[in-house]
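Right, one structure below, let's go through it.
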Amino acid sequence: MAAPLALVLVVAVTVRAALFRSSLAEFISERVEVVSPLNSWKRVVEGLSLLDLGVSPYSGAVFHEVSVPFHFIILWSLITDALTAVALYFAIQDFNKVVFKKQKLLLELDQYAPDVAELIRTPMEMRYIPLKVALLLGYSIPLFLFTGSAFLSAIFLALATYQSLYPITLFVPGLLYLLQRQYIPVKVKSKAFWIFSWEYAMMYGGSLVVIICLSFFLLSSWDFIPAVYGFILSVPDLTPNIGLFWYFFAEMFEHFSLFFVCVFQINVFFYTVPLAIKLKEHPIFFMFIQIAIISIFKSYPTVGDVALYMAFFPVWNHLYRFLRNIFVLACIIIICSFLFPVLWHLWIYAGSANSNFFYAITLTFNVGQILLISDYFYAFLRREYYLTHGLYLTAKDGTEAMLVLK
């Protein structure tokens, strides 16, 4: 499988490099679905121009990228994408091995119901999943989730947090993943649990402090903190995008905005604790759900964020049979994806529509994503229930029972 992976990497890097030099790059750089104030190439060029003149790129209100990759941003993008694909390829292979070991152990202990043989995953079924994930992934993501070393994991988590802040919520699934690899039980009374959690938190916090201090030494200024993290949290730029923030705050009275910014931002962080409680034995699925939540509720999302969590769909192909509304939701997301450029053109260029049209399709798109992730969450819990209680449930009167998620 190494040869197909190498081929995928070569093709991906070549296409990415070619796009940087093609006329298509200019077209893509204008699309609101792809570009946000945080990743706009025009803003990067302006920041580079200010830096060449000896002026801090954060002195204006245009540039909002972190400073470490700023000095080699194109190379940074290509390298991180390639490393992400490689890391995910081997991580999913490792995840498959863990799944097989767990299935074998539970089967030997008779923890599965006798009629669930068709729900047991097989090596042939999971053989090409790592390559599918590596092939679908087209966006840089934190690599820390899938490293076996706690130290490297903490460093990559710190880099991801430093770049966009929201990955701090992935600390919990990352910790649970490492605890699972170390065979440390997730119990409040476990001394080993608290020692490992403290060590991991210190490595993560220390790495983040070092990276932030490195940014200060590069620019001799702390201007990047309000320009990047303050910008992400306060949402001052209401340029239209595929997110939920811009229209809502454009229509709101200013003296209410602080309260509702806090309400909107808390969505990314609010679900971490209940998900950690429910999915503590399944950290990989927890990561998937949390990444999807970030991509939906972050202040400046793009289609790259959506593609990020959708790249993990092949990992959960065994859940397809339990998805209730996959056809309808897939149609909603696909249709909305086609309507984004249409309604943008009608609003900005033709003048025959207004912002309400574009935000309506944005709202529909995000509602579709929320329902899709909820459907995957339901399907996962339903399969886990069937594994232990039996696939064909019956009520007390002998009739077929219906499983309801409460």
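The values are calculated or read from the model by the stated rules, or taken from the named source; none is laboratory data. Computed from a predicted model, the values in this text were never measured in an experiment. Heads up, the Cβs are rebuilt from the backbone with ideal geometry, glycines too, and the neighbour counts pull from every protein chain shown. The protein model used for the area step is the full one, side chains on, heavy atoms only, and it has no ligands, DNA or RNA in it. Shrake-Rupley method; radii C 1.70, N 1.55, O 1.52, S 1.80 Å.
Descriptive notes on the structure:
Conditions tested, residue by residue: (1) of a type in the set (K, R); (2) modelled with pLDDT under 90; (3) surrounded by 14 or more Cβ atoms within 10 Å (Cβ to Cβ).
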{"site": "N317", "(1), (2), (3)": "no, yes, no"}
{"site": "I326", "(1), (2), (3)": "no, no, yes"}
{"site": "N366", "(1), (2), (3)": "no, no, yes"}
{"site": "I370", "(1), (2), (3)": "no, no, yes"}
{"site": "Y378", "(1), (2), (3)": "no, no, yes"}
{"site": "R383", "(1), (2), (3)": "yes, yes, yes"}
{"site": "L405", "(1), (2), (3)": "no, yes, no"}
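- Neighbours by Cβ (under 6 Å, 6+ apart or cross-chain): first from region 220-245, free of Cβ contacts under 8 Å to residues at least 24 places away in the same chain; second of a type in the set (D, E): none
- Residues that are in a helix (DSSP H, G or I) and touching a helix residue (DSSP H, G or I) at 6+ places or on another chain (Cβ under 8 Å), drawn from region 182-200: F193, F196, S197, E199, Y200
- Identity of the residue in region 226-240, touching a helix residue (DSSP H, G or I) at 6+ places or on another chain (Cβ under 8 Å) and in a loop (DSSP other than H, G, I, E, B), that ends up nearest to F297 (Cα to Cα): V235
- Restricting I284, I333 to residues that are assigned to a helix (DSSP H, G or I), closer than 18 Å to A160 by Cβ and open to solvent by 10 Å² or more (accessible area, probe 1.4 Å) narrows the list to I284.
- Residues that are free of Cβ contacts under 8 Å to residues at least 12 places away in the same chain, open to solvent by 80 Å² or more (accessible area, probe 1.4 Å) and assigned to a helix (DSSP H, G or I) within region 25-57 comprise E26, F27, D52, listed in sequence order.
- Residue that is nearest to V99 (Cα to Cα) [pool: residues in region 244-281 that are open to solvent by less than 20 Å² (accessible area, probe 1.4 Å) and polar (S, T, N, Q)]: T272
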